[in-house]
Amino acid sequence: MSLARICRKERLGERFVCFELEERNIASQAKPGQFVMVRPGFGVFDPLLPRPFAVLSANVDRFSLLFEIVGKGTELLSHLEVGDVVEVLGPLGRGFSLDAHSGILIAGGRGLVPLVFLAREFKKRGISFSFFLGVRERKDLALLRLLEDLPRVLWSCEEAVSGGFCGTVLDLVGKCLERTLWQGAKIYACGPEGMLRELATVFPGKEEDIEVALEARMGCGFGVCLGCAIPRRGGGYWHVCSDGPVFRLSEVVL
């Protein structure tokens, strides 16, 4: 664990908080799809275990995280302010591949975090992509603020809202993309497990070309506690923290 100072804090809607943190080693090494383990403040042990968060962005000496307030640990983190420090460990895990000729990025809710990092990397490299975001409630459309610098963003909301598509993000993908448009593309996704499971139906025959970033409860972040096991296609188990969190859809049983 190392210490990182909060340089910027922003709230997005009612449930999401974005931190920009100063820590050169993580910022200079992080790749899209990787994550860090975070604990609020030096010497704080309640809650005991750190929380895993995907990296939202990184530059020379700073990196950003976005998290949803869902429990005691994230609630405690949400009360920290600029100038406070957190304990961080990372970057950890296997990230996305970056060898696509073109990409389709599909995010469900807070699953947009690692895909925003990937999209910005694609933008720097001149790789064309489309970014699809789906949220359940209109108040979560505050997340669109993170996508303002991206060239092609389409979004959906499961609540009726003016100016947007009403339905799931995969409904939107099915409406916008014909087979000829995704045939040669790599597909990258992160979101609820049910959404990821449906990708094989939306993109038949493409499981080898679909990369999914999985979320899991983690105790350590590097494969020691074995608390984040998921079934492996063909038998056995993967561990999300050390074997992932990014997997080809063909590698896992969801």
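Take the residues in the range 234-250 that are within 19 Å of the chain's Cα centre (by Cα) and open to solvent by less than 30 Å² (accessible area, probe 1.4 Å); name whichever of them is farthest from Tyr188 (Cα to Cα).
Here the answer is Cys241.
Would you pick out the residues in the range 216-233 that are of a type outside the set (A, V, I, L, M, F, W, C), under 21 Å from the mean Cα position of the chain (by Cα) and not in a strand (DSSP E or B)?
Arg217, Gly219, Gly221, Gly223, Gly227
Could you please let me know if Glu178 is more than 18 Å from Leu118 (Cβ to Cβ) and of a type in the set (D, E, K, R)?
The answer is yes for Glu178.
I'm checking my understanding of the structure. Among residues of the range 142-167 that are in contact (Cβ under 8 Å) with a residue 40 or more places away in the chain and either more than 19 Å from the chain's Cα centre (by Cα) or open to solvent by less than 80 Å² (accessible area, probe 1.4 Å) (or both), which one is farthest from Ser102 (Cα to Cα)? Let's see the steps before the verdict.
In the first step, residues of the range 142-167 are kept if they are in contact (Cβ under 8 Å) with a residue 40 or more places away in the chain; the result is 142-143, 145-146.
Checking which are either more than 19 Å from the chain's Cα centre (by Cα) or open to solvent by less than 80 Å² (accessible area, probe 1.4 Å) (or both) leaves us with 142-143, 146.
Working: Ala142: 27, Leu143: 24, Leu146: 21 Å.
The residue in question is Ala142.
Please note which strands (runs of 3 or more DSSP E) are completely contained in the range 13-99 and include at least 3 residues that are open to solvent by less than 70 Å² (accessible area, probe 1.4 Å) and over 22 Å from Leu143 (Cβ atoms).
Those strands (runs of 3 or more DSSP E) span 35-40, 85-92.
Going through the range 205-215 one residue at a time, which ones are in a loop (DSSP other than H, G, I, E, B) and open to solvent by 60 Å² or more (accessible area, probe 1.4 Å)?
Hits for the range 205-215 are Gly205, Glu215.
Just checking, does the range 111-123 include any residue being modelled with pLDDT of 95 or more, open to solvent by 20 Å² or more (accessible area, probe 1.4 Å) and acidic (Asp, Glu)?
Within the range 111-123, one or more residues are modelled with pLDDT of 95 or more, open to solvent by 20 Å² or more (accessible area, probe 1.4 Å) and acidic (Asp, Glu).
The values are calculated or read from the model by the stated rules, or taken from the named source; none is laboratory data. Only a predicted model underlies this, so the values are computations on that prediction, with no experimental measurement involved. All Cβ positions, even for glycine, are placed from backbone atoms using ideal geometry, and neighbour counts span all protein chains on display. Note: areas computed on protein heavy atoms with side chains; ligands, DNA, RNA excluded. Shrake-Rupley method; radii C 1.70, N 1.55, O 1.52, S 1.80 Å.
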